[in-house]
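Chemist: Got a structure here, written out as structure tokens. Questions coming.
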Amino acid sequence: MVLLQSALVLVFPVLVVTAALRDVTSYTIPNWISLALIAAFVPAALAMGLPLPTLGQHAAVGGVALVAGMAMFALGWIGGGDAKLFAASALWLGLPAAPPFLVVTAIAGGGLAVFLLAVRSSILQPLLTTGPAWLGRLATRGENVPYGVAICLGALAAFPHSALMPAF
């Protein structure tokens with residue numbers, strides 16, 4: 001049972017890191033990643049023995065995050081894949097982990113934006129455009145911010161506070 005629990009709990013960090021890598025290299029987060037996170041949550045929660053009210057609380061946090069993500073997408077602050085990853089991550093994290101998730105994601109997003117401003121400066125940009133295509137795109141002025149990286153950092157930082165972890 002411990003092996004099954006370990007495998008199910010590892011789904012979350014593996015998928016959010018995969019989403020961040022895909023976002024930084026292609027500026028897209030495939031739908032299958034968010035769908036896999038949602039699909040794997042219930043078996044993971046059941047394997048950890050989470051009570052039904054806690055499952056409902058996680059679903060509510062995920063729903064609120066989906067609405068917030070849709071609003072941020074509508075305002076043009078984040079992409080659609082980012083909004084879906086944000087909601088799927090919030091589903092896994094639940095209420096106890098929501099505050100650290102939001103704070104770390106916001107700080108990481110700000111740090112990422114400052115980093116990209118530096119990378120896109122006239123001094124560094126020419127050095128990076130000679131590398132792989134994804135790195136050149138990352139260094140291109142006016143290009144979007146791969147916010148999936150910030151969501152990943154926030155999710156990984158908050159995951160120990162999730163109701164899933166004490167059960168593990």
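The values are calculated or read from the model by the stated rules, or taken from the named source; none is laboratory data. Since the model is a prediction, treat every value here as computed from it, not as a measurement. Every residue, glycine as well, gets a Cβ built from its backbone with ideal geometry; the counts of neighbours run over all protein chains shown.
Chemist: List every residue pair whose Cβ atoms lie under 6 Å apart, where the two residues are 6 or more positions apart in sequence or sit on different chains, the first residue falls within segment 28-48 and is without any contact (Cβ under 8 Å) to a residue 40 or more places away in the chain and within 16 Å of Val2 (Cα to Cα), and the second residue, located anywhere, is polar (S, T, N, Q) and not in a helix (DSSP H, G or I).
Modeler: Final answer for the pair search is none.
Chemist: Okay, moving on. Answer yes or no as to whether Ala83 is within 25 Å of Gly69 (Cα to Cα), surrounded by 20 or more Cβ atoms within 10 Å (Cβ to Cβ), of a type outside the set (Asp, Glu) and without any contact (Cβ under 8 Å) to a residue 24 or more places away in the chain.
Modeler: Working: within 25 Å of Gly69 (Cα to Cα): yes; surrounded by 20 or more Cβ atoms within 10 Å (Cβ to Cβ): yes; of a type outside the set (Asp, Glu): yes; without any contact (Cβ under 8 Å) to a residue 24 or more places away in the chain: yes.
Yes.
Chemist: Any residue in segment 108-121 that is among the β-branched types (Val, Ile, Thr) sitting within a Cβ distance under 8 Å of a residue that is surrounded by 11 or more Cβ atoms within 10 Å (Cβ to Cβ) and assigned to a helix (DSSP H, G or I)? List the pairs, counting only those 6 or more apart or interchain.
Modeler: Val119/Gln125; Val119/Leu128; Val119/Leu138
Chemist: Take Ala108 and tell me if it is in a helix (DSSP H, G or I) and out of contact with any Cys (no Cβ under 9 Å at 6 or more places or on another chain).
Modeler: So Ala108 fails the test.
Chemist: So which residues in segment 130-162 are assigned to a loop (DSSP other than H, G, I, E, B) and within 18 Å of the chain's Cα centre (by Cα)? Lay out the reasoning, then the answer.
Modeler: Quick first cut of segment 130-162, residues assigned to a loop (DSSP other than H, G, I, E, B) only: 130-132, 139-147, 162.
Hits for segment 130-162 are Asn144, Val145, Pro146, Tyr147, Ser162.
Chemist: Go through (1) surrounded by fewer than 14 Cβ atoms within 10 Å (Cβ to Cβ); (2) hydroxyl-bearing (Ser, Thr, Tyr); (3) in contact (Cβ under 8 Å) with a residue 24 or more places away in the chain for Ser89 and report which single condition fails.
Modeler: Exception for Ser89: condition (1).
Chemist: Right, here's the next one. Assuming Ala45 fulfils every condition listed in (1) out of contact with any Lys or Arg (no Cβ under 9 Å at 6 or more places or on another chain); (2) among the small types (Gly, Ala, Ser); (3) modelled with pLDDT of 95 or more apart from one, which condition is it?
Modeler: Answer for Ala45: the failing condition is (3).
Chemist: Additional query: Does at least one position in segment 145-155 carry a residue that is surrounded by fewer than 18 Cβ atoms within 10 Å (Cβ to Cβ), without any contact (Cβ under 8 Å) to a residue 60 or more places away in the chain and under 22 Å from Ile38 (Cα atoms)?
Modeler: Checked against the condition, which is being surrounded by fewer than 18 Cβ atoms within 10 Å (Cβ to Cβ), without any contact (Cβ under 8 Å) to a residue 60 or more places away in the chain and under 22 Å from Ile38 (Cα atoms), segment 145-155 yields no hits at all.
Chemist: Go through segment 13-47 and count every residue that is in contact with a Gly (Cβ under 7 Å, 6 or more places away or on another chain) and surrounded by fewer than 17 Cβ atoms within 10 Å (Cβ to Cβ).
Modeler: 1
Chemist: Quickly run through segment 115-124 and pick out the residues that are assigned to a helix (DSSP H, G or I) and more than 18 Å from Tyr27 (Cα to Cα).
Modeler: Correct list: Ala118 only.
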